[in-house]
Amino acid sequence: MLNILKDHHFIEYYTTGFVETGIFLPDSLVEEIKQYYQTLAVGRNDFPKFFVNNEHLAFLEGQILGTLFKLFPKLAKKMVKSLYDKTYTKAIYHEQVFLEKVCKHLLANGFQKIFKTRYLLASYDMYLRSNTTHTAAGIHSDMPNFHHFYETENDLSIYIPLIDLNEENGGRITVLPESQLKVPGNIVLALMEQHFSKDANHLDENGYIVPESIRPDALNAFIKSKPFQEIMACYKSLTHLAKHHYAGNFEKSQEEQGKVLLWNNKNFHAAEGWKREDQDREVYVIRLFPLYDTKIKLKESLHGKLFNNHLIDFETGEIHKFDHQVDVSQLPKQDKLALA
Ligand SMILES: [Fe+2]
């Protein structure tokens, strides 16, 4: 994150887990976002889609669920669905309706001053809604997964509560700062590059790995490979450490409606229970990915829908929207980050 955030924001991030942007969305935009998601079906939860063929996630949930996925995939899918239904009324991925508008507002209000890196990919957006009957998300880190195929330890979430999150309402996000415990992630991208570049069938004319060309059996071979399994074992033991030895060290944020906060969803985090009976907890999130000097193309679609097609340029203060995924091979090498 040192190469991504300007030094004083890096120190804030490193020690507290958060970066305060000092930027608010106007009430009218907050209302527009709420109105839009209000019209979408109650009970729509996109999280379980990430569990199909995503064996490493099942592995993390413990050996029993992992085995269940292999033996009784339908039953395991039902279990995952009911697990996530208990957490959210709605968990809606990449509608992409407000992504550009929100980023343009941020850039018009000095968002670029926070960053050292020239580019960030605005990959997809997310809306989460829950009420007092739902259980809050416990301590976890958002593990990299093959549906995205391009995640590192430095992913940033633009986090915008659509209602106040405070002592009285609850619902605050808590984060274990990187100064306390670091979760490695760039190594996954490096291992993927190493592994898949060996097979010419996975490469385009520029020698970039095309994630869509990787067949399930080839992906499976990578998942079973020793280095990847070692990383998974490391994640598992770090999660155990975070839950059992660092639970008291998580930092809270006080969040007002429309206030824009940044944090890294690869660091350990949890959400506080929601206390307000009369209103639901609603949060809008945009996932930002730094771009690395690695020969891996971005995926073009997530669960059948275009994503990875917005590029923020902090030098010009613009967001570029493409009708395909951002072509990372066209970005100058000096404007990409070293993976190591
Ligand atoms: Fe999370």
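What follows draws every value from the coordinates through simple rules; no lab data is involved. The model shown is predicted, which means the values in this text are computed figures rather than measured ones. When we count neighbours, we look across all protein chains shown, and the Cβ atoms used for this are built from the backbone with ideal geometry, even at glycine.
General observations
- Whole-Hz ³J(HN,Hα) from phi, Karplus 6.51 cos²θ - 1.76 cosθ + 1.60, for the range 121-134, glycine and proline x: 8, 8, 6, 7, 10, 7, 10, 10, 9, 8, 10, 5, 7, 8
- Note on the range 277-340: Rg/Rh from C-alpha atoms, Kirkwood Rh, equals 1.10.
- Calculated Rg and Dmax of the range 136-182 using C-alpha coordinates, Å: 13.5, 39
- Relative contact order %, the chain, counting alpha carbon pairs below 8 Å whose residues are six or more apart: 30
- Here each label is just a point 7 Å from Cα along the line to Cβ, and for GLN330 and GLU31 those points are 3.9 nm apart.
- Kirkwood hydrodynamic radius over Cα pairs of the range 253-307, then Stokes diffusion coefficient at 37 °C and 0.692 mPa s, in µm²/s: 215
- Under 17 Å from LYS6, Cα to Cα: aspartates and glutamates that are on another chain or at least 8 residues apart: GLU20, ASP155, GLU178, ASP313, GLU315, ASP335
- Label-to-label distance, GLN38 versus LYS198, with points set 7 angstrom from Cα along the beta-carbon direction: 5.6 nm.
- Ellipticity estimate at 222 nm from DSSP helix runs (n ≥ 4, -39,500 (n - 2.57)) divided over the chain, nearest 500: -9000 deg cm²/dmol
- Checked against a 20 Å cut-off, the cross-linked pairs LYS116/LYS305; LYS49/LYS78; LYS34/LYS90; LYS198/LYS295; LYS34/LYS305; LYS297/LYS333 give Cα-Cα distances beyond that limit for LYS116/LYS305; LYS34/LYS305.
- With N counted as the residues of the range 213-316, its alpha-carbon radius of gyration over 2.2 N^0.38 Å works out to 1.47.
- Computed as a quarter of the hull surface, the mean projected area of the alpha carbon convex hull for the chain stands at 16.7 nm².
- This ranking places SER197, SER82 by how few other beta-carbon atoms lie within 10 Å of each, fewest first, which gives SER82, SER197.
- Candidates ALA41, ALA190, ALA122: whichever shows maximal mean-square fluctuation once the chain is modelled as a Gaussian network with Cα springs under 10 Å: ALA41
- Considering only the Cα atoms of the range 96-146, their convex hull presents on average a projected area of 6.2 nm².
- Binning the alpha carbon pair distances of the range 203-244 at 5 angstrom intervals from zero yields the distribution 6, 19, 15, 16, 16, 12, 9, 5, 2, 0, expressed in whole percent.
- Taking only the C-alpha atoms of the range 124-203, the Rg (one decimal) and the largest Cα-Cα distance, Dmax (whole number), read 17.4, 57 Å.
- Cα-based shape type of the range 92-247, given that a ≥ b ≥ c are square roots of the gyration tensor eigenvalues and the cut on a/c is 1.5: oblate
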